[in-house]
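A short reminder: the numbers here are calculations on the coordinates, not readings from a lab. Because the structure is predicted, anything quoted here is derived from the model rather than measured. Cβ sites come from the backbone with ideal geometry, for glycine too, and all protein chains shown count toward neighbours.
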């Protein structure tokens, strides 16, 4: 049986976070010596630190929250493609790949996987990919970047376009060590009623019939 490949960022106290947002922090609240029986830890964090999913409520006050999303979108067959040769990802770029019967698409971009550095610039995901993805049947898009929009974006055009066309968003996955091909994906959000996002433990397992294009 194939081994699972972890594509999530480890949650560490020195990991990068969105400027001005709540950083991740883990510490022991009580030690075994203090309690006499157990160690008890605590953590604080933005829901958008590390590998996470966005709920529509993140960018639309009337949008669905994490607990209202369909879990089956985050479990199942996914395709990883390498688009690191371009800085702007458009339908024309994606058309070069065989995406027949792909429902979950994971993009390995030119941004190096570095959880300790928040990028000032990222490859551009053109909003026009949203209707293209909907047309071919993709309903989950994963990227190895902190966001599907630029860090300084205020209109979040790609977030809104993907939502409008029924495509869920998975961000900050780690794909530098992953080959192109077909995988089984698990990237389940936590059950947080009313939340705008959730960290996930995203993992892949190669499937038979893997191909690169």
Would you please state the base-10 log of I(q)/I(0) at q = 0.12, 0.14, 0.16, 0.17 1/Å for the chain, with intensities from the Debye formula using one equal scatterer on every alpha carbon? -0.62, -0.83, -1.07, -1.21
Expressed in angstrom and rounded, the centroid-to-centroid distance over alpha carbons for segment 41-99 and segment 129-178 is 5
Along the Cα→Cβ direction, 7 angstrom out, place labels at residue 176 and residue 101. What is the inter-label distance in nm? 3.4
Go ahead and collect, in residue order, the members of segment 192-209 whose backbone nitrogen is under 17 Å from a label point 7 Å along the Cα-Cβ direction of residue 22. 192-200
When ranked by the protection proxy of mean other Cβ atoms within 10 Å per residue, highest first, what sequence do the peptides 109-120, 194-205 form? 194-205, 109-120
Most packed first (mean Cβ within 10 Å per residue), the peptides 59-66, 147-154, 178-185 order as 178-185, 147-154, 59-66
Sorting check: for 94-107, 43-56, which peptide has the highest mean count of neighbouring beta carbons within 10 Å, and how do the rest follow? 43-56, 94-107
Would you calculate a helix-derived [θ] at 222 nm for the chain, using -39,500 (n - 2.57) for each DSSP H run of n ≥ 4 and dividing by the full residue count, to the nearest 500? -2500 deg cm²/dmol
As a percent rounded to 5, the proportion of antiparallel DSSP bridges among beta bridges in segment 5-206 is 65
